[in-house]
Amino acid sequence: MQKQETTDEVKAMFTAWVEKLAHRVRVKYLTKKAPGPETISLEEISESQLSVNDLRDTSGENIPSFSFGDWRFEEAFSALSMEKQRILIMYFVEGLKPTEIAEELGCTPQHIYNQKYRALRQIRKEHRKRGGEV
Amino acid sequence: MTANKFREILEAAIAGDQDALEKIFRIYHPLIVKQSTVNGKLDKNLMHKIHVRIAMNISKYRI
């Protein structure tokens with residue numbers, strides 16, 4: 001009777017081991033199969049594509065051109081991350097709504113609001129650092 | 001299958017007996033199929049990976 005109980009315990013322990021092992025393999029397999037959003041390395045992008053003044057939308061048309069007027073703003077803007085620059089351009093230059101930007105970039109409108117707020121705060125800070133007044 | 005018989009098979013599989021390992025796979029087939037099912041479909045690649053992982057690690061299992 002005692003031996004029977006011990007062997008049942010062995011089976012239960014081994015079943016738990018197999019289940020854990022199989023689950024780990026499954027998680028690793030599914031993570032590899034569904035990687036995050038497609039990315040592109042910076043080396044593959046030419047300098048002209050990175051330039052703010054030469055941005056084109058997906059249809060190949062030029063987006064409206066704009067000038068900062070103040071070199072301090074231009075430098076502060078350049079210090080922003082590419083994502084923040086893109087959001088500001090889409091919002092202020094292309095005149096898109098946060099919901100439309102979110103749809104195009106594949107994120108939530110709240111993320112766009114947050115990024116826009118942080119970008120403007122960063123621009124003000126950088127502008128002040130360069131002796132400007134906002 | 002009695003519990004004692006299972007223990008015998010498991011011990012043999014741990015020792016490297018291929019037939020015993022095959023029996024272990026047969027016993028745990030439903031569990032392996034469950035873990036290999038993705039969106040309601042059996043993923044044979046995943047099933048194969050689970051089999052390989054069990055075969056590779058069973059020798060390390062301590063009763």
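Just so you know, all these numbers are worked out from the coordinates, no wet-lab data involved. Predicted, not measured: the structure shown is a model, and the values here were computed from it. Here Cβ is always computed from backbone atoms with ideal geometry, including for glycine, and neighbour counts include all displayed protein chains.
If you wrap the Cα atoms of region A:73-134 in a convex hull and average its projected area over all directions, you get 3.9 nm².
What is the helix-to-structure angle for B:18-27, meaning the angle in degrees between its Cα long axis and the longest Cα principal axis of chain B, kept from 0 to 90 and rounded to the nearest 10? With both axes taken from Cα atoms, the answer is about 60 degrees. Measure off 7 Å from each Cα along the Cα-to-Cβ vector at B:TYR61 and B:VAL33, then give the distance between these two points in nanometres to one decimal. Result for the modelled spin labels: 2.0 nm. When A:TYR117, B:TYR61, B:TYR28 are sorted by how many other C-beta atoms sit within 10 angstrom of their C-beta, beginning with the fewest, the order is A:TYR117, B:TYR61, B:TYR28. Let me see the pair-distance distribution of chain B: every alpha carbon pair, 5 Å bin width, integer percents in order. Calculated P(r), rounded to whole percents: 4, 18, 26, 23, 15, 9, 5, 1. For chain B, the longest principal axis of the alpha carbon atoms and the long axis of helix B:44-57 meet at an angle near 20°.
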